[in-house]
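The structure appears right after this line, and notes come after that.
The values are calculated or read from the model by the stated rules, or taken from the named source; none is laboratory data. Bear in mind that the values here come from a model prediction, so they are computed numbers and not experimental data. So basically every Cβ, Gly included, is an ideal-geometry build from the backbone, and we count neighbours across all protein chains shown. Areas reflect the complete protein model, heavy atoms only, side chains present, ligands, DNA and RNA absent. Shrake-Rupley method; radii C 1.70, N 1.55, O 1.52, S 1.80 Å.
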Amino acid sequence: MTSEIINANDIKYMNPVFGNFSFDNHEQIVFCNDEETGLKAIIGIHNTTLGPALGGTRMWLYNNEADALNDVLRLSRGMTYKSAITGLNLGGGKAVIIGDAKTQKTDALMRRFGEFVHSLNGKYITSEDVGMETRDMDIVKEVTPHVTGISEKKGGAGNPSPITAYGVYMGMKAAAKYKFGSANLEGKKIWVQGIGHVGETIVDLVTKEGAKVIINDINKDALERVSKKYKATIHHDLNTYGLDIDIYSPCALGATINDKTINILKAKVIAGAANNQLQDEIKHGKLLKERGIAYAPDFLINAGGIINVYAELVGYGKEEIKRKTENIYNTTLEIFNLSDAKNITTHRAAFDIAQNRIDAKKN
Ligand code: NAD
């Protein structure tokens, strides 16, 4: 191939790792392959300045390997800033396993994955993410101590999702206070997109407060069950961004705030659990600010889960976990005020605080 016929896509393909748009100075990326169990995983270690890189493992049937790599890079970077802004002595890391969690996840595969985690000698500590259960972490624990999110019966803090949901709820209330003048969610129309481990608990919390809840999910059985249990309205159209709502709570996958959706969103507040909600942090962060939509930064308000798993490492009790998670309300309000005072996006305001903490440790 001569240089004349190399186009932009070819170049991107030739530099898929260090030249990847999402690479952002990762310290280490580990590709894990095991023929016997069919394991194909990528561990991303973004930054260990503040401590070992802790972040969950996601199992997902990606369209291709480039998508999987991009996802792990974006997610592990996000963990660096999440732990930094939450005041935890942890770095950022994440792992993805390529495959269908419903049909391809076996105990042998999880054990083999655990061995790869172990080979990193504690530089990376894993936990659950999409497609993982507490039980899977218990299996990983059989081969490595570098795992959190294990069950209470095995000495862990259990499933982090309810605490994550509680933190998102705190962030949502702070955003409502900022935007509507009251943290009370009674009567607010809230769309919860994705009613998995975290989303369902958010539905529960906001329903108890008297919100009118709209849900959607690709899992039809879960939709019917959650709708019946909480009297939530189902919206079957997955691309339902133009709905007349007050609050949008993305709790499925990332990048749902993008060029296609941003101009049709009618919500005045965005507060959800999904990681990396803004497809382009700078561009879409600015557009949200211009449109007067109060965006509670994802990596700030979904930190309940990491607080919960951090507790396993440092021995916090339930009270301390709850106190730290409740504090997300105050931090979110501070971020909105800082964003106004400095005329920067909320994402930038949160990011700068996190980066300052990392820089202070480096120097
Ligand atoms: P989950 O897998 O239990 O739930 C995700 C749900 O989203 C599933 O029900 C799935 O069917 C649904 N979904 C997938 N694609 C969808 C689409 N296009 N439209 C609507 N629904 C769709 O995961 P979870 O643990 O509830 O986590 C939800 C999000 O929050 C993820 O992005 C995760 O990374 C993030 N998060 C989770 C935690 C935690 O403690 N579990 C912590 C921080 C961040």
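The table for this structure:
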quantity: Residue list for the stretch 196-212, filter: more than 18 Å from R58 (Cβ to Cβ) and near the ligand (Cβ under 10 Å from one of its atoms); calculated: E200, T201, I202
quantity: Qualifying residue in the stretch 166-187 (condition: among the hydrophobic types (A, V, I, L, M, F, W, C) and within 8 Å of the ligand (Cβ to nearest atom)); calculated: no
quantity: Qualifying residue in the stretch 38-45 (condition: modelled with pLDDT of 95 or more and open to solvent by 60 Å² or more (accessible area, probe 1.4 Å)); calculated: yes
quantity: Test: residue in the stretch 332-340 that is within 27 Å of P160 (Cβ to Cβ), out of contact with any Lys or Arg (no Cβ under 9 Å at 6 or more places or on another chain), modelled with pLDDT of 95 or more and within 16 Å of the ligand (Cβ to nearest atom); calculated: no
quantity: Test: residue in the stretch 80-101 that is among the basic types (K, R) and open to solvent by 40 Å² or more (accessible area, probe 1.4 Å); calculated: no
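Per-residue answers, yes or no, for (1) more than 16 Å from the ligand (Cβ to nearest atom); (2) in the same structural domain as A232 (by TED's automatic domain parsing); (3) out of contact with any strand residue (DSSP E or B) (no Cβ under 7 Å at 6 or more places or on another chain); (4) not in a helix (DSSP H, G or I):
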{"residue": "S249", "(1), (2), (3), (4)": "no, yes, no, yes"}
{"residue": "A255", "(1), (2), (3), (4)": "no, yes, yes, yes"}
{"residue": "N263", "(1), (2), (3), (4)": "yes, yes, yes, yes"}
{"residue": "K286", "(1), (2), (3), (4)": "yes, yes, yes, no"}
{"residue": "Y329", "(1), (2), (3), (4)": "yes, yes, yes, no"}
